[in-house]
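Each reported figure results from applying straightforward, stated rules to the coordinates on display, with no laboratory input. Because the structure is predicted, anything quoted here is derived from the model rather than measured. Heads up, the Cβs are rebuilt from the backbone with ideal geometry, glycines too, and the neighbour counts pull from every protein chain shown.
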Amino acid sequence: MNLSPAHLGARLLQDRRSARAPIWLFRHGLGWLFGGRVLLLEHVGRKSGEPRFVCLELVERPEPDALVIVSGFGRRAQWYRNLEAEPRCHVSIGTRRRVPALARFLSAEESAETLGRYATEHPRAWQQLRGVIEEAVGHEVAGLPMVRLDLLPERT
């Protein structure tokens, strides 16, 4: 039985109940517990038209109202495909809740540059994250698709 951190992390990512647990915290106003490293993305299902929710790690914050997230499962991740169909979404991060946002998909070059900066600035976190992703998808990770979320002014 494999009990490596990467294997255990991959199992948690693949378990629906574990992966969705942080959503409960965000919905109850406790997103600040993640210290701005994790966000709740509310998007629209491309087939159902229903609201969908996923918690994702923040990779970079190039500007105060711009967040970059990565799809560890590539372009096949449901949230990624949903944003392709409808880039308007809402983001909760820290103490901010349901801020309107617009998704923009980074090019392969932009993604590689961003991932390079992340790996340099957070080498241990990248090593762990990469191990978990590779264990979950079953192959080496060369490049990962990234999405920039531009937070829009909130309506009053």
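Data for the structure
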{"item": "Cleavage-rule hits, trypsin sites (Lys or Arg not before Pro), the range 116-156, DSSP coil, Cβ neighbours within 10 Å at most 10", "result": "Arg155"}
{"item": "Helical contribution to [θ] at 222 nm, DSSP H n ≥ 4, -39,500 (n - 2.57), averaged over the chain, rounded to 500", "result": "-11500 deg cm²/dmol"}
{"item": "Cβ-derived FRET efficiency at R0 30 Å, Arg27 paired with Glu121, nearest 0.05", "result": "0.50"}
{"item": "Length gained when the stretch Ala77-Leu102 is fully extended (0.36 nm per residue, less Cα-Cα span)", "result": "7.2 nm"}
{"item": "For the chain, with +1 on Lys and Arg beta carbons and -1 on Asp and Glu, the positive-most of Trp32, Ala103, Tyr118 along the dipole", "result": "Trp32"}
{"item": "Test item: Cα-centred dipole of the range 5-151, Lys/Arg +1 and Asp/Glu -1 on Cβ, debye", "result": "660 debye"}
{"item": "Amide H partners (placed H, <5 Å) of Gly36, local residues excluded", "result": "Gly94"}
{"item": "Of the GluC sites (Glu not before Pro) in the range 78-156, those whose Cβ has at most 11 other Cβ within 10 Å and which sit in DSSP loop", "result": "Glu140, Glu154"}
{"item": "Over the chain, relative contact order from alpha-carbon pairs under 8 Å, at least 6 apart, %", "result": "28 percent"}
